[in-house]
1. Quick one: go through region 218-242 and flag any residue whose amide nitrogen is under 14 Å from the point 7 Å out along the Cα-to-Cβ line of ILE152.
2. Taking 0.36 nm per residue of sequence separation and subtracting the Cα-Cα distance, how much length would be gained by fully extending the chain between ASN269 and THR160, in nm to one decimal?
3. Full-extension gain between ALA252 and ARG47, please, as 0.36 nm times their residue separation minus the C-alpha to C-alpha distance.
4. Show me 228-239, 159-170 ranked by packing, highest mean number of other Cβ atoms within 10 Å first.
5. Could you rank the peptides 275-281, 148-154 by their average count of other C-beta atoms within 10 Å per residue, with the highest value first?
Amino acid sequence: MAHDIFDIIRNSLLITGLVMVMMLVIEYINVISGGQRLQNLQNSRFRQLIVAALLGLIPGCIGGFVIVSLFTHGIVNFGALMAVMIVSLGDEAFMMFAAIPETATIIVVLLFVIAVFIGFVVNLFIKKSPVRVFKNHLEIHTNETENIHGNIMNNLKNITFQRVILIFGIILFIFGIVSGLLDHSHETQNYYQSNPIFTERWINIFFAFISIITLYIIAKVSDHFLEKHLWEHIIKKHFLKIFLWTLGALLAIYFLLHSINITEWTNNNRISILLLALLVGLIPESGPNIIFIVLFMNGVIPFSVLMANSFVQDGHSALPLLAESKKSFIYMKLIKLVIGIIIGFTGIFAGF
């Protein structure tokens, strides 16, 4: 048992590390690109749909926040809002691409196609959306793209506490994945027995390469960017939460698997587990949906349940929408819930 618990902690660290690396790189790309230059979308509904769906593919909340801000400013319509919320998976997207990349790719492709179609249909029936104007939620400061980069030698000579922690952490993570110390054990999780993706050298080399890029970014960027974005926006807000949710989900499933025949229970109660997945997906928050990713990884729930949950949930991308336009939030969630029910039940009865 002690070996299994240690392996769960190791798996949680690996997944959290992969998530953090991806989030740090995406935060850097978001800020250096200026984050919001989409004013020309207002005159093209089709372009709004495509751009919104593409932004929804970005793991995390960035794409959703952009479209919510543009929606509340009247620049994009409700169809575009629906598109980004359908595709967006919040922080769970990072975990899915880290742990189940093949399934994650299938899900986001399906969500993208469905999002464009649903957005188009919604626009046929809703010509004008009631919106309120509120400030942009993207954390980009004045003239920040011009001041984002510093000098590596000066940064290292006058190194801050935050930069020391990030550099040391990334180096340890690179060593862990290259040496195999963070590799998954295949003895305790059914998913990895049939999908040993993390034992393959190419995935280790890929994430080591991304981590090296992240290390360069950490060494290069200015103190302001590192402290305000990489440290405060990513590490302080997400690291502990993602690690604890991942660890908690893995521990919960481990003890469930060893105390009851959860696979048999879910097979006999697929409707109940589907309804639970749909209801949890309604929560405008990243974290709770991780439990369904872990259940799928262990072969406990079918693809249809994970797909339905992925369709209904949108991480915390919808939180600013809830704060400023509750009517739009309710409409969006009701539409997603109805379609999610159709997707889930169709998949279950079709045997997926």
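1. Correct set: 218-222.
2. My answer for the length gained is 33.9 nm.
3. Stretched out fully, the ALA252 to ARG47 stretch lengthens by 69.5 nm.
4. Highest-to-lowest ranking by the protection proxy: 228-239, 159-170.
5. 275-281, 148-154
No lab work stands behind these numbers, since they all come straight from the coordinates. Only a predicted model underlies this, so the values are computations on that prediction, with no experimental measurement involved. FYI the Cβ positions are ideal-geometry reconstructions off the backbone, even for glycines, and counts take in every protein chain you see.
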